[in-house]
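The values are calculated or read from the model by the stated rules, or taken from the named source; none is laboratory data. Note that this is a predicted model, so its numbers are computed, not measured. With ideal geometry, Cβ positions are generated from the backbone for all residues, glycine too; neighbour counts draw on all protein chains shown. Only protein heavy atoms, including side chains, enter the accessible area calculation; ligands, DNA and RNA are left aside. Shrake-Rupley method; radii C 1.70, N 1.55, O 1.52, S 1.80 Å.
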Amino acid sequence: MRRSGNKKSYLKWTAGACVAVLMLAVDAFLLFLAADYFFPFPEGSIHRKTAAVVYDSQGRPLRFFLPEDNRWRFEVGLEDISPRLVEAVIASEDRWFHHHPGVNPLALVRAFYVNARAGRVVSGASTIPMQIARMAEPKSRNVNSKIKEAFRAFQLKWHYDDNQLLEIYLNVAPYGGNIEGVAAASYFYFGKSPRALSPAEIALLTALPRSPVAYDPTRNSEAALRERNKVLDQLAGRGVFTKEEAERYSKEPVPSKRKLQPFSAPHFSEYVYQKVSRGESARTTLDSSIQRIASEIAGRHLDNLRRDGIENLAIVVIDNETRSLKALVGSADYFDKKNSGQVNLALARRSPGSALKPFLYAMAIDLGLVIPDTYVLDVPTDYSGYIAENYDGTYRGHITLRHALILSLNAPAVRLLAQVGLRDFHELLLRGGLATLDRPSGKYGLPLILGAGEVTLLDLTNLYATLASGGIHRPLKVIEDETRSYDETRLFSREASYLTTDALAELKRPDMSSNTWALTRDVPEVAWKTGTSYGHRDAWSLGYSTRYTIGVWVGNPGGRGQKGISGSGHAAPILFDLFRGIEGNGSRIAMPDGLNLETIEVCRSSHLLPTPYCGQRDKVTYVKGVSRLERDTYSKRIFVDKETGELLLGECIGERPHEARTVTTYPAELVAWRMAEGKSVEAIPPLSPLCKDVPSESPPKVVSPDRTTPYRVLNGMPSEYQRVELIARVSEEVDMLYWYQNGKLIAATKPYRRTFIPLEAGTHNLVVVDSSGRSGSVTYKVEKTDNVEVVER
């Protein structure tokens, strides 16, 4: 009975003890949960900003960018780390990692015993979670800090699984200097991925976090070698490596210096780094082989440019199908401080010169205003005091739209822009991505088409890629894995894009030197355009094949003009060298299927729809249902007196012997220019005086200036006070007068509008042509004098 009673008492005591322990455990757990709630783990300290890596399209690093704390760290997942490295870290640092709750009690007891016997700290008991806690909140090593580390270790084990903790450790562990994490250490010490490490490298990276300064192989190679071999032996003893591996790899040296960081496509890399969120790495669309070719070609041409006083250049290459940026050379030499080498000139705002003209012509085709064979006037035209001049200083009078584009004539372009509408054209350019044209359209005026605004090479090249893509505009793609969807915008019809491309593909240009012509051999067919800005500050050449669009800018970054600079002479040779280097012979630009294009017969003299009086005829291409072709007004049938050759009208036709003739008349502006140039003009014979029932249509007669008046200019008097009025006596039906002095257009006015011009010393030939093509002229003289008696009309 007594023994039975003792047994019951023992069981009772044991049960009570168990309950007490359980309650104590529950209380401890509840206390931990409360502490975890009120003192959460500092997550930000283990999820640190990483260095950003810009990769090319194949995943090769182009350039690294440090985070704000200047620490080299690259985030890497556990799946991208060698499994043997993970195994080594566990075996060497925390063998019971998968079994303890964050703190290893047995290790604590062992460390206390060893340290007590030695009288100093010779052995630690830190688990991997405790090491993470210490790296998250560095503190001096004492009892209090160890207690805090233990609490933080419990938190880590509570909130993260084992694989997550290993990944955190391998991403934040210190590896010497400003290197953190195994990915950065693998690159800077071994130049490889953490997935491709050898046993010797694994051992060194296992040892380094214990004492990053003491074991830094670039500073203390002997200590690093000893510790690495010690870890090799340890890992061999614990089954991570074989003894043979440990012995073989112990003979390998440790790295003596860090690997250099990559530095390819520096301007492109900086551009991408600014586009993405800082700290994020990005795999880009850049093709390193195309980038290398572009950089080499830029370097080859630099000496020739510098000999001509041109300091720098920029290049952009875009894939037409994907609209991916394949290469960007921001300057010929990134390290050339003297010539703004670090400035990304592909992003600089510069005047495009004539490079916007193809988009105006395509827009006009889509509006039905013109076709490539439409005759346009290349004559000086006065737009409220603004008269566009061609680059070569000459005019051609009558020219097709196609040849006006090929020759890059300014006067027809300004006239066409006035017809299309400045605001509408400006809006089209903005929709096409030329965001730097950010002023109201009225601020640019008609000179916008000649380069009055500013664009970037990158934006302009992408707009040319829109023509290459049949008129579909898409924003540039720079990030390879970007999931953002871009809305496509149709800027031009397929028909307008093709017709513009067909004109731009005309290779022989009158402004091309023989050297440039030679450079175009052995390249794919290219549609291309050049541009030279006012003041000779910028020269452009932009072109596209079936596969790529390339843009080239050359000039002086500071905006200094250089006499003789031109798109055809300096930028085009680089453009064709690039096409040859990237595509070789390539292919021809094929006509797309299914275009709504047809041919139609037109009068040869006017390229308008024929009438019965039209003689010779041509066939031209037009956009069915879009192009608005008018009836010919150039060819007319008239009746002339057989005896006198005078014009017969009305009843006098039947009263006199007559014959019918077909004559060709031209627009009054063209006639006025030809007459001012001294060129012959086919004129309708004067009206016969016998036709009394028909009002006489007299040619204009110049009244002022007067040939008999002694005009003088007084030295020293402002020119606005020394002017002469232009007056002509005209028929009632005349609605416009064109005034040319010495062959140069000086005014285009209504007959009733008062117009004055300044007096200039010399003999002047003044010609006035009315809206019917009739003309009058006068020669007058102006002398310089100091006499105040000045006669002014």
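Computed about the Cα centre, the dipole magnitude for segment 268-354 is approximately 200 debye when only Lys and Arg (+1) and Asp and Glu (-1) carry charge, each at its Cβ. Remark on the chain: Cys18 stand apart, with no other cysteine beta carbon under 4.7 Å.
In the full protein context, segment 556-679 carries 52 Å² of accessible surface per residue, based on a 1.4 Å probe and ignoring ligands, DNA and RNA. Think of a 1.4 Å ball rolled over the protein heavy atoms: segment 696-774 then has 53 Å² of accessible area per residue.
Over segment 672-793, one equal point on each Cα, no solvent: what is log10 I(q)/I(0) by the Debye formula at q = 0.12, 0.16, 0.18 Å⁻¹? Debye intensities relative to I(0), on a log10 scale: -0.49, -0.79, -0.95.
Of the peptides 395-404, 720-729, 80-89, how do they stack up when ordered by the mean number of other Cβ atoms within 10 Å, highest first? Walk me through the intermediate numbers first.
On the way: 395-404: 20.5, 720-729: 15.8, 80-89: 18.8.
Ranking, from highest mean packing down: 395-404, 80-89, 720-729.
Taking the longest Cα principal axis of the chain as reference, the axis of helix 162-172 is set at about 60 degrees.
Taking Cα centre as origin and charging only the Cβ of basic (Lys, Arg, +1) and acidic (Asp, Glu, -1) residues, the dipole magnitude of segment 521-613 rounds to 480 debye.
Over all alpha-carbon pairs in segment 321-364, figure out the percentage whose distance exceeds 11 Å. Walk me through the intermediate numbers first.
Details: 710 of 946 pairs.
The calculated P(r) of segment 321-364 puts 75 percent of pairs beyond 11 Å.
The Cα-based radius of gyration of the chain, divided by its Kirkwood radius, gives an Rg/Rh of 1.24. Among Ala452, Phe268, Ile550, whose Cα lies farthest out toward the positive end of the dipole of the chain, if unit charges sit on the beta carbon of Lys, Arg (+1) and Asp, Glu (-1)? So the residue we want is Phe268.
Remark: the chain carries a charge dipole of roughly 4100 debye about the Cα centre, counting +1 on each Lys and Arg Cβ and -1 on each Asp and Glu Cβ.
For segment 663-677, backbone phi angles converted through the Karplus equation (6.51, -1.76, 1.60; θ = phi - 60°) give residue-by-residue couplings of 10, 10, 10, 10, x, 4, 4, 5, 4, 4, 5, 4, 5, 5, 7 Hz, Gly and Pro being listed as x. In terms of packing, defined here as the mean over residues of other Cβ atoms within 10 angstrom, the peptides 60-70, 46-56, 591-601, 440-450 line up highest first as 46-56, 440-450, 60-70, 591-601. Taking the three principal axes of the alpha carbon atoms in segment 398-504, the coordinate ranges are 52, 32, 20 Å, sorted in descending order.
In the chain, the longest principal axis of the Cα atoms and the axis of helix 288-307 are about 50 degrees apart.
Given the -39500 (n - 2.57) contribution per DSSP H run of 4+ residues, what per-residue ellipticity at 222 nm results for the chain, rounded to the nearest 500 deg cm²/dmol? Numbers along the way, then the final one.
Working: 23 runs with 261 residues, N = 793.
Value at 222 nm, helices only, nearest 500: -10000 deg cm²/dmol.
Each eigenvalue of the Cα gyration tensor of segment 237-350, multiplied by 5 and square-rooted, gives one semi-axis; in descending order these are 42, 19, 14 Å. Size of segment 194-244: Rg and Dmax of its alpha carbons, in Å, are 10.8, 31.
Restricting things to alpha carbons, find the Rg to Rh ratio for segment 263-328 using the Kirkwood radius for Rh.
Numbers: Rg = 14.0 Å, Rh = 13.3 Å.
Dividing the radius of gyration by the Kirkwood radius yields 1.05.
Reducing segment 559-608 and segment 297-323 to their Cα centroids gives an inter-centroid distance of 19 Å.
Taking only protein heavy atoms and a 1.4 Å probe, the accessible area of the chain is 51% carbon and sulfur. Projecting the Cα atoms of Asn320, Ala51, Phe154 onto the charge dipole of the chain, computed from C-beta unit charges around the Cα centre, puts Phe154 farthest toward the positive end. Helix 410-420 axis versus longest C-alpha principal axis of the chain: approximately 80°, rounded to the nearest ten. The radius of gyration of the Cα set in segment 159-280, together with its Dmax, comes out at 16.6, 51 angstrom.
Taking every protein chain into account, the accessible area of segment 299-434 amounts to 37 square angstrom per residue (probe 1.4 Å). All C-alpha pair distances within segment 315-413, sorted into 10 Å bins from zero, spread as 13, 29, 25, 22, 10, 0 percent across the bins.
Which order do the peptides 647-655, 676-684, 542-550 come out in when sorted by mean C-beta neighbours inside 10 angstrom, highest first?
Working: 647-655: 16.1, 676-684: 13.9, 542-550: 24.7.
Ranking, from highest mean packing down: 542-550, 647-655, 676-684.
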